[in-house]
Amino acid sequence: MDRSDESEAPASYAALGRRQFLRGFAATGALAGASGLLAACSGSSASTNTSSTPAATTKPKRGGDLKVGLTGGGPTDTVDPHKGITYLDSSRLQSLYSPLVQLDANAELEYMLAESITPNGDFTQWTIKLRQGVTFHNGKPLTAQDVIFTLNRILSNQLSGSIPLGPIDIKNTKAVDTHTVLVAMSKPYSSFVTQLAASWVYLYIAPVGFNPAKPVGTGPFMFKSLSSGQRSVFTRNPHYWRTGLPYADTLEILDFANTVSLAAALQTGQIHAAGTLDGPQMATLDNASGVKAIPSKGGGIVPFTMRVETPPFNDVRVRQAMRLLVDRAQLIDSALDGHGSLASDVFSPFDPVFNTKLVRHTDVAQAKHLLKQAGKEDLTVTLTTSAISTGTVAMATVLAEQAKAAGVKINVSNVPSGTFFGKQYLSWPFAQDYYNYFPYLPQVAESMLLKSPFNETHTSNPTYTKWYDQANATASGSSLEKELLFEMQNFDFNQGGYIIPAYVDALDAYSTKIAGFQAARIGQPLSNFDMEHWYFI
């Protein structure tokens, strides 16, 4: 469910001068652009702006060389379908490959290479029926063996996709026929389809014997070249399983140093679309000729992450105090230029079992009280940030200013994205990260369990893990599932290591020379990287 329509936000700072000061203060860190951790679903969706373009009624036509821009690439750029990290990686992988299922632009389940995925009675076996007539770029037909190969590659190498695959018993997973896979589980796993859809960017299907040096997939475009940190080029797949798509002859994805140069490239016609912009660029582009700015109201998060086993955050009173000192409405106004919806430290707002009653308001007096109880009246901490997503550095800067009211000194350490995602990534005591929208249990799998691939808070609570396992042995939509997920969300709200002040909008802009794009609630840039549907007017 969409929280953007809930009750009014707590009052922001009354004085306009205060708002202007913090907005300017935040802007010192707001110029650099966004890369994207991919971790970076069948939730029901409220209405959202999905109008595709001013020329939405124009009949699509084929042809043209499509160019899109993002920020955050570098030497780790990849076209390996199971090793993506950044939004640039995701844009390439979504063009080259297809998953079994995914979340569409409205955060709803969309079957891709799979026609159906159904469980047995106790969720210990799942049957995957594949779409027929699908071929890889090299002409090889898609078969059940390719799915088994992909699952085994991910699990045996403990890649990021191994967590959403859950308790798959790969040794007893088998092909029933050329287009049917029987997936065995070592324990009940009722959220299997939801997990596959939410984490599709780690779970693209590769052919048996896949060679990442010569990438072939079943996606709308075929690989031509990659220059790490600069550009990648793809050509139209004439045998794509979605008949008639894609429309463009070629796709070129360019990497920019920051969102300022990215926005400028869009205005000058160097590119046709720009993803993960910042508020100031959106304000400029919204008034620019030949450009359409499209903010997407989504459920993605940019959490402040506190390591729960590391002082001072190993004291729950400190974690709660840090959450209480945040003026969330003011932070959205100043750091995000209004491009966000209020959040209260709980993720997955579109999930059918999201608890809307968990709401947190600013309470500086209580924050001071808790810090005094913890013996941390004069708390000083370092917050590690980087321009890794929309608003990260600005949010860190505003939080540091707000914390002063509770006597907390936050030293903001703004490091290059390569350093942030380097050896210390997931080990910073106090930092930030970001995720596209995930339904609740997939987000837990991504970041809240001991073996989660992105457990920045180092959460490892046996009771919480027990609830997670029980929920996966329970039918979706049952009263028991709701009870378990509410218990887990109460834990997140009262004891967790995230400060989530906002559900952050995705900020993209497009040339009026193209059509076919739309707003996307997931938070993935550029219309969920759905470039196969874009065409020139």
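Read-outs: derived from the displayed coordinates by stated rules, not from any lab. This structure is a prediction, so every number in the text was calculated from the model and none was measured. Counting neighbours? That spans all protein chains shown, and the Cβs are built from the backbone with ideal geometry, glycine included.
Computed values, structure above
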quantity: Ranked packing of 218-230, 86-98, most packed first, by mean Cβ within 10 Å; calculated: 86-98, 218-230
quantity: Cross-link pairs Lys83/Lys140; Lys368/Lys409; Lys224/Lys513 - those with Cα-Cα distance over 20 Å; calculated: Lys83/Lys140; Lys224/Lys513
quantity: Helix-derived mean residue ellipticity, 222 nm - over the chain, DSSP H n ≥ 4, -39500 (n - 2.57), to 500; calculated: -8000 deg cm²/dmol
quantity: Per-residue HN-Hα couplings for the stretch 272-280 [Karplus 6.51, -1.76, 1.60; θ = phi - 60°; Hz; x = Gly/Pro]; calculated: 9, 7, 10, x, 6, 7, 9, x, x
quantity: The stretch 470-537 versus the stretch 353-399: alpha-carbon centroid distance in Å; calculated: 23
quantity: Among Gln195, Leu103, Pro212 - extreme Cα towards positive end, dipole of the chain, charges at beta-carbon; calculated: Pro212
quantity: Nonlocal amide H pairs with Ser389, under 5 Å, H built at 1.01 Å; calculated: Ser35
quantity: Point-charge dipole on Cβ atoms (K/R +1, D/E -1) for the chain, about Cα centre, debye to 20; calculated: 660
quantity: Set of aspartates and glutamates with alpha-carbon distance to Lys451 below 18 Å, sequence-local pairs under 8 removed; calculated: Asp169, Glu309, Asp433, Asp469, Asp492
quantity: Per-peptide average of other Cβ atoms within 10 Å, ordering 364-371, 172-179 highest first; calculated: 364-371, 172-179
quantity: Point-charge dipole on Cβ atoms (K/R +1, D/E -1) for the stretch 98-211, about Cα centre, debye to 20; calculated: 340
